Amino acid sequence: MIFGGEANVDDEHDWLTEEKAWIHGLIERGTPLLGVCLGAQLIAEVAGARVEPLPEPEVGWHEVIGSNELLPERFLAFEWHRYGFESAPPGATEIARNDIGCQAFQLGNAVAIQFHAEVDEPTVTGWIRDYGPEVGVDAEGLAAETEREIARWNEFGRELCRRFLAQTTSNARSPARRAAGPR
């Protein structure tokens, strides 16, 4: 699992260059990956998508349309990012979208999600406090909406992980995978 952080995909840090090379190797080997926010953006860029700053940060609860067995058809997702990608990388299947762009894709055993299925209420409260002023959030409104939505969202995150792990286990047990031998 590759999570988010304060860095952006185009920041010039040695560790980001190393991270991208590591991710490229994982994708090439078919290693199961779940990328969240910056993790998704790194997977997208490494796989050939154009990742760039959004005109405005996508922060708060936003409706997303899903399109495969990992995600429901429609769901309210917690978002907090300044970068995005309009389309999934070449060879990937887009599995979620909203009016901002691609919100999730699958590329082999890699799944990338822009939304934060991992957050809990204390994390969101901290982000509102620490980063809310930078992105112009209505702190009270977002805190109230989070209080209403977070229990459902936490179950969503657990279910997404269960489905990802089940899919990964299923892929590892497939006859074609066993015939190929260990990697």
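The values are calculated or read from the model by the stated rules, or taken from the named source; none is laboratory data. Remember, it's a predicted structure, so these values are computed and weren't measured experimentally. In this analysis, Cβ positions are derived from the backbone assuming ideal geometry, glycine residues included, and neighbour counts consider all displayed protein chains. When the accessible area is computed, the model is the full protein with side chains, heavy atoms only, and any ligands, DNA or RNA have been set aside. Shrake-Rupley method; radii C 1.70, N 1.55, O 1.52, S 1.80 Å.
Just a few scattered comments:
- The chain - percent of accessible surface contributed by carbon and sulfur, probe 1.4 Å: 51 percent
- Angle between the chain longest axis and helix 121-135 axis [Cα atoms, degrees, rounded to 10]: 70 degrees
- Charge dipole (the chain, unit charges on Cβ, about Cα centre) - positive-most of HIS116, TRP127, ASN68: ASN68
- If the convex hull is drawn through the Cα atoms of segment 1-148, its volume per residue in Å³: 109 Å³
- For segment 49-123: accessible area per residue (Å², 1.4 Å): 43 Å²
- Largest accessible area first, the listed residues HIS116, HIS13 line up as HIS13, HIS116 when surface is computed with a 1.4 Å probe on the assembled protein chains.
- Within segment 8-64, GluC sites (Glu not before Pro) in DSSP loop having at most 16 other beta-carbon neighbours inside 10 Å: GLU12
- Shape call, segment 84-173: gyration tensor on alpha carbons, a/c limit 1.5: oblate
- The chain - percent relative contact order, Cα under 8 Å, separation 6 or more: 19 percent
- Listed residues ILE23, CYS37, PRO53: farthest to the positive end of the dipole of segment 17-63 (Cβ charges): ILE23
- Remark: segment 34-183 carries a charge dipole of roughly 1200 debye about the Cα centre, counting +1 on each Lys and Arg Cβ and -1 on each Asp and Glu Cβ.
- Calculated on the Cα set of segment 26-93, radius of gyration then Dmax: 12.8, 36 Å.
- Principal axis extents of the Cα atoms in segment 122-161, from largest to smallest and rounded to whole angstrom, are 32, 18, 14.
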